[in-house]
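The numbers here are math on the coordinates, done by the rules we state, and not lab data. Since the model is a prediction, treat every value here as computed from it, not as a measurement. All Cβ positions, glycine included, derive from the backbone under ideal geometry; neighbour counts span all protein chains shown.
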Amino acid sequence: MGTEPLTARSDLFLRMVLSTAALVVFALATAGFAWWATSSSRDSSPSSTVLGVLAAVCGVLLLVAVLDLVVIRRRRSGQRS
């Protein structure tokens, strides 16, 4: 029983800006953690396993940002038609 319109849409431009920023941040974080994991020694802290897990988590979040950009692109092309 809210006052929002029945055809409310998300702000696609803002989503695109946020997803693009997330894409850059998580791409750099994935590469950084992966490089750190491969260049760390056996006795270093954090361990290469922890760094590998962080790289994998950042990689998954990177994929989420890419998928969101794909969805945004489809929705924007649908609005133009």
Next on the checklist: Can you compute 3J(HN,Hα) from phi for each residue in segment 59-76, using the Karplus curve 6.51 cos²θ - 1.76 cosθ + 1.60 with θ = phi - 60°, rounded to whole Hz and x for Gly and Pro?
Outcome noted: x, 5, 5, 4, 5, 4, 5, 5, 4, 5, 5, 5, 4, 4, 4, 5, 5, 5
Checklist entry - Taking the Cα atoms only, what angle lies between the long axis of helix 12-39 and the longest principal axis of the chain, rounded to 10 degrees? => result 10
Item to check | Electrostatic dipole magnitude of the chain [Cβ: Lys, Arg +1; Asp, Glu -1; Cα centre; debye, to 20] | outcome: 440
Checklist entry - In the chain, which trypsin sites (Lys or Arg not before Pro) fall in coil by DSSP and have 10 or fewer other Cβ atoms within 10 Å? => result ARG9, ARG42
Checklist outcome for this item: With only helices counted (DSSP H, runs n ≥ 4, each -39500 (n - 2.57)), the per-residue ellipticity at 222 nm for the chain, to the nearest 500, works out to -27000 deg cm²/dmol
Checklist entry - Relative contact order, percent, of the chain when contacts are C-alpha pairs under 8 Å separated by at least 6 residues? => result 37
Next on the checklist: Is the C-alpha gyration tensor of the chain telling us rounded, prolate or oblate? Criteria: a/c under 1.5 is rounded; beyond that, a/b larger than b/c is prolate, otherwise oblate.
Outcome noted: prolate
